[in-house]
1. Can you name every residue in the range 159-180 that is in contact (Cβ under 8 Å) with a residue 40 or more places away in the chain and either among the acidic types (Asp, Glu) or farther than 16 Å from Ala127 by Cβ (or both)?
2. Between a residue in the range 199-219 that is touching a residue at least 24 places away in the same chain (Cβ under 8 Å) and any residue that is assigned to a loop (DSSP other than H, G, I, E, B) and more than 9 Å from the ligand (Cβ to nearest atom), which pairs come within a Cβ distance under 6 Å, given they are 6 or more apart or on different chains?
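Just so it is clear, none of the values below were taken in a lab; they were calculated from the coordinates. Everything numeric here is computed off the predicted structure, so don't read it as measured data. Neighbour counts are summed over all protein chains in view; Cβ atoms, including those assigned to glycine, are modelled from backbone coordinates with ideal geometry.
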Amino acid sequence: MEHFREWKHIFKLDPNKEISDDALEKICESGTDAVMIGGTDGVTEEKVVNLMARVRRYSVSCVLEISDMDAVAPGFDLYFIPSVLNSKRKKWLVDAHVEAVKKYGPLINWDEIVMEGYCILNPESKAAALTEAAADLSLDDLLAYAQVAEKMFHFPVFYLEYSGTYGDPETVAKVKSALSDTVLFYGGGIRTPEQAEAMARHADCIVVGNSLYTDLENALKTVKAAKGAK
Ligand code: 1GP
């Protein structure tokens, strides 16, 4: 098992977006703890395998975040599986998982599986639309979700997913204080080292995605900022 509990920083690459070899080299050699491959739409097995093969030229940990059970390939270090706790549809909480186990169960190496209890908090995001997430959660709701994730479901990861928008560091701090064992991932809208540091002060690990495609130089600076955050 990889030491994901120690990670401070992840770059998330979308298999449905183009990335040049030059940019990919900078990302993989940035010092990030892992490159996570994952996206919401247009994710196919072919695109996943192609991107994994390109990341595998480098020594960085390469993990898959599964959004479609038919776009899964062997060869990743770990497989992160979201369960969207605030989805209004059971499919995204557990039904897709049941289907996947029925179809692929004997092929699964359970030691490589990491469950993520997700709360999707940007109502404008593709992920919120797809999963029909009740994204307008109060702080009380969020704190309860965090405790349900840890104390009831024993998820190893609780993921605050603001995808595409920058959240409130104070909220992240409060959620962190509600967790003792489950690690807290924060992702959404991080474009600058200052934003990275502000979130990494509270979250165990920050996830930087979109800004890799819009402002690579600043995105790369988030690694050092996250690792130096106190
Ligand atoms: C998306 O949490 C990640 O799943 C990162 O969000 O793309 O907004 O950086 P951004």
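1. Initial filter on the range 159-180 (in contact (Cβ under 8 Å) with a residue 40 or more places away in the chain): 159-165, 167.
Residue satisfying the conditions is Glu161 alone.
2. Note: pairs meeting the criteria are Ala200/Ala229; Arg201/Ala229; Cys205/Trp7; Cys205/Lys8; Tyr213/Lys17; Asn218/Thr192.
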